[in-house]
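K.L.:
I am attaching a structure below and will ask some questions about it afterwards.
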Amino acid sequence: MNNNDLMDKIVSLCKRRGFIFPGSEIYGGFANSWDYGPVGVELKNNIKQLWWKRFVQGRDDMVGIDAALIMKPAVWEASGHLKNFSDPLVECKNCHTRFRADQIDTTKPCASCDKSAGFTEAKMFNLMFKTFIGPAEEQANIAYFRPETAQAMFVDFKNVLDTSRKTVPFGIGQIGKAFRNEITPGNFIFRTREFEQMEIEYFIPVPKEDAEWNKYFEMWRENMLSWINKDLGIDLTHVHELEVPKDELAHYSKRTIDFEYHFPFGVSELYGLAYRTDFDLKNHQEKSGQDLRYTDPYTSEKYLPHVIEPTWGVDRTVLAVLCEHYREEEDRVYLALPPRLAPYKVAVFPLLKNKPELVAKAREIYDQLKEHFSTAWDDRGNVGKRYYSQDEIGTPFGITVDFQTLEDGSVTVRSRDTKEQPRVKIDDLQSYLQKNINSL
Ligand code: ATP
């Protein structure tokens with residue numbers, strides 16, 4: 001399958017089955033805005049919950065926060081975003097389409113109108129979304145939607161330290177929306193103007209030599225690869241680690257790795273890992289006038305910890321998961337999602353909708369199973385069509401209640417991956433599903 005085809009097929013599957021819809025569609029759509037539908041929100045929530053469980057609740061050196069989206073503008077002054085969070089913008093002199101100067105060859109014809117009219121001089125364009133607080137739209141009331149979740153972890157550092165009794169090394173994690181007025185959004189949900197991030201700032205002692213911070217950097221590198229492979233089921237041969245060259249590092253970073261995924265439109269950044277030194281805490285301490293130093297409980301030494309920052313885009317995770325697990329066979333399309341990510345783990349169908357005794361039995365099973373698994377109910381059309389639609393949303397098992405069920409208390413349990421349909425006793429269903437879901 002060619003790669004453009006694959007992207008088109010995924011976008012169309014997402015719309016058809018309720019993963020992701022074009023935003024504001026009844027008004028003709030709103031370029032590059034996307035809404036997660038009924039199964040999309042389940043997939044996305046499963047990803048976020050898995051992450052939170054693994055990296056925040058699952059570790060005694062981690063705590064979480066959930067901070068405001070609009071922070072005091074002084075935060076963005078201290079972090080350098082007001083001054084530096086910009087991309088170079090050029091405009092085609094013929095059709096006025098705007099491009100990021102660092103993403104095109106300005107000596108070539110415009111990709112939009114194909115004319116060689118040339119481009120305007122590059123202007124730096126700040127990516128932060130501006131808004132006004134309160135009724136008066138004046139300079140004094142300007143505020144910004146956060147362009148990353150990270151700064152809240154630095155701004156709240158002292159409060160977290162005082163209330164959580166954590167000792168260095170420890171980390172603060174957060175999941176939430178970020179906003180960037182991207183010049184060239186696109187590739188479906190890969191680059192949008194509002195998106196979600198899962199970020200960690202991991203605070204470490206002041207390193208005396210490189211090996212001391214590298215040790216934590218490597219720990220997070222391994223954790224990120226393990227998340228990609230074990231939790232998302234992504235084959236690591238589809239992931240490329242880009243060691244960002246020294247001369248291209250952001251001014252605060254001593255080392256950065258981009259984890260890139262082989263998306264159908266090209267190898268592009270999925271996640272990042274950076275060693276940010278004490279850049280952020282130092283700036284916030286200086287600009288806020290507050291003492292943000294940590295006191296070592298054993299030596300009483302006071303210092304500003306250094307920081308390792310692993311960062312994950314939620315929407316890019318959703319896209320990589322969809323690309324990785326999309327399957328086509330002669331007679332069907334299915335998503336081979338690991339069950340932990342699947343919107344529904346199991347679906348229950350009465351063979352015939354107009355046989356009340358079948359429907360009642362199927363309802364009983366549905367009511368029991370939904371206490372333990374996220375369970376779908378479907379009684380429309382014929383059973384073949386129901387299997388087909390559950391395959392497309394990645395439901396690992398489909399249970400059909402038929403006439404034999406009423407006689408011997410057994411149901412068919414169809415596997416998404418093998419299409420086999422063994423009969424299982426209703427009393428054994430829960431343990432059968434549990435066992436098979438865990439083994440996938
Ligand atoms: P890019 O180089 O693709 O613009 P970035 O290096 O600016 O990304 P970071 O600032 O490191 O990205 O953001 C952390 C993560 O947030 C990225 O690895 C990515 O997963 C996600 N992300 C960043 N920008 C966007 C966006 N516009 N839309 C969706 N996800 C994004």
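The values are calculated or read from the model by the stated rules, or taken from the named source; none is laboratory data. For clarity, every value in this text was computed on a predicted model and none was experimentally measured. All Cβ positions, even for glycine, are placed from backbone atoms using ideal geometry, and neighbour counts span all protein chains on display. In case anyone asks, the SASA skips ligands and DNA or RNA and just uses the protein heavy atoms, side chains included. Shrake-Rupley method; radii C 1.70, N 1.55, O 1.52, S 1.80 Å.
K.L.:
If you wrap the chain's Cα atoms in a convex hull and average its projection over all directions, what's the area in nm²?
P.N.:
27.2 nm²
K.L.:
Cα axis of helix 38-52 to longest principal axis of the chain: angle in degrees, 0 to 90, nearest 10?
P.N.:
For 38-52 against the chain, the angle is about 60 degrees.
K.L.:
If one takes the longest principal axis of the Cα atoms in the chain, at what angle in degrees, from 0 to 90 and to the nearest 10, does the Cα axis of helix 279-288 lie?
P.N.:
The helix 279-288 is inclined about 60 degrees to the chain.
K.L.:
Which whole-number percent is the relative contact order of the chain (Cα, under 8 Å, 6+ apart)?
P.N.:
Values: 765 pairs, mean separation 55.3, N = 440.
Once normalised by length, the contact order is 13 percent.
K.L.:
Choose one answer from F265, F157, F55: the residue with the largest mean-square fluctuation in a GNM of the chain with alpha-carbon springs under 10 Å.
P.N.:
F265
K.L.:
Okay, next question. Give me the accessible area per residue for segment 334-439, probe 1.4 Å, as a whole number in Å². Each step should come with its number before you reach the end.
P.N.:
Values: 4870 Å² over 106 residues.
Result: 46 Å² per residue.
K.L.:
Nearest 500 deg cm²/dmol is fine: what mean residue ellipticity at 222 nm does the chain get from its DSSP H runs of n ≥ 4 alone, each adding -39,500 (n - 2.57), divided by its residue count? Don't skip to the end; give the middle numbers.
P.N.:
Numbers: 13 runs with 135 residues, N = 440.
Helix-only estimate at 222 nm: -9000 deg cm²/dmol.
K.L.:
In whole percent, how big is the carbon plus sulfur part of the accessible area of segment 86-126, probe 1.4 Å, protein atoms only?
P.N.:
Numbers: 1290 of 2730 Å².
Answer for segment 86-126 is 47 percent, counting heavy atoms of protein chains only.
K.L.:
Can you work out the accessible area per residue across segment 86-126, with the rest of the protein chains kept in place, probe 1.4 Å, in square angstrom?
P.N.:
Working: 2730 Å² over 41 residues.
Roughly 67 Å² per residue, with all protein chains present.
K.L.:
Rounded, prolate or oblate: which one fits segment 92-237, using the alpha carbon gyration tensor with axes a ≥ b ≥ c (rounded when a/c is under 1.5, else prolate when a/b beats b/c, else oblate)? Before the final figure, lay out the partial values.
P.N.:
Working: a/c = 2.42, a/b = 1.51, b/c = 1.60.
Here segment 92-237 falls in the oblate category.
K.L.:
Could you please report the charge total around E25, scoring K, R as +1 and D, E as -1 over all other residues with beta-carbon less than 14 angstrom from its beta-carbon?
P.N.:
Numbers: positive: K15, R16; negative: D35.
Summing Lys/Arg as +1 and Asp/Glu as -1 gives +1.
K.L.:
Could you tell me the center-to-center distance, by alpha carbons, between segment 219-247 and segment 130-155 in angstrom?
P.N.:
Comparing the Cα centres of segment 219-247 and segment 130-155, I get a distance of 33 Å.
K.L.:
Taking only protein heavy atoms into account and a 1.4 Å probe, give the accessible area per residue of segment 215-299 in Å².
P.N.:
Numbers: 4240 Å² over 85 residues.
Using a 1.4 Å probe on heavy atoms only, each residue of segment 215-299 averages 50 Å².
K.L.:
OK, next. For segment 307-360, what relative contact order do you get, as a whole percent, if you take Cα pairs closer than 8 Å and at least 6 residues apart? Numbers along the way, then the final one.
P.N.:
Numbers: 21 pairs, mean separation 8.6, N = 54.
Here the relative contact order equals 16 percent.
K.L.:
Related question: Going by Cβ distance under 4.7 Å, what cysteines of the chain have no possible disulfide partner?
P.N.:
Here C14, C323 come out as lacking a disulfide-compatible partner, given the Cβ-Cβ threshold of under 4.7 Å.
K.L.:
Cross-link list K48/K355; K93/K130; K9/K246; K130/K158; K353/K419; K115/K177: which exceed 30 angstrom alpha carbon to alpha carbon?
P.N.:
Working: K48/K355 40 Å; K93/K130 27 Å; K9/K246 39 Å; K130/K158 28 Å; K353/K419 23 Å; K115/K177 38 Å.
The answer is K48/K355; K9/K246; K115/K177.
K.L.:
Shifting gears a bit: Scan segment 68-165 for trypsin sites (Lys or Arg not before Pro) in coil per DSSP, keeping those whose Cβ has at most 10 other Cβ atoms within 10 Å, and list them by number. Don't skip to the answer; put the middle values down first.
P.N.:
On the way: sites: K83, K93, R98, R100, K115, K123, K130, K158, R165; in loops: K93, K115, R165.
Those satisfying the criteria are R165.
K.L.:
Calculate the length of the line joining the C-alpha centroid of segment 57-75 to that of segment 389-431, in whole Å.
P.N.:
43 Å
K.L.:
Compute the relative contact order of segment 187-326 as a whole-number percentage, counting only Cα pairs closer than 8 Å that sit 6 or more residues apart in sequence.
P.N.:
Working: 199 pairs, mean separation 47.1, N = 140.
Relative contact order comes out at 34 percent.
K.L.:
Looking at segment 334-439, what % of its DSSP beta bridges pair antiparallel, to the nearest 5? Walk me through the numbers on the way to the answer.
P.N.:
Details: 7 of 15 bridges.
Of the beta bridges lying entirely in segment 334-439, close to 45 percent run antiparallel.
K.L.:
Taking only Cα atoms, what is the 0 to 90° angle, nearest 10, from helix 356-369's long axis to the longest principal axis of the chain?
P.N.:
Result, in degrees: 40.
K.L.:
With a 1.4 Å probe and all protein chains left in place, how much of the accessible area of segment 306-348 comes from carbon and sulfur atoms, in whole percent? Kindly include the intermediate steps, with their values, before the conclusion.
P.N.:
Working: 420 of 1050 Å².
Of the solvent-accessible surface of segment 306-348, carbon and sulfur hold 40 percent.
K.L.:
Hey, how many Å between the Cα centroid of segment 174-204 and the Cα centroid of segment 76-102?
P.N.:
With segment 174-204 and segment 76-102 each reduced to a Cα centre, they are spaced 17 Å.
K.L.:
Over 20 Å between Cα atoms, which of K83/K287; K345/K385; K385/K435 qualify? Before the final figure, lay out each step's value.
P.N.:
On the way: K83/K287 15 Å; K345/K385 18 Å; K385/K435 27 Å.
Checking Cα-Cα distances, K385/K435 exceed 20 Å.
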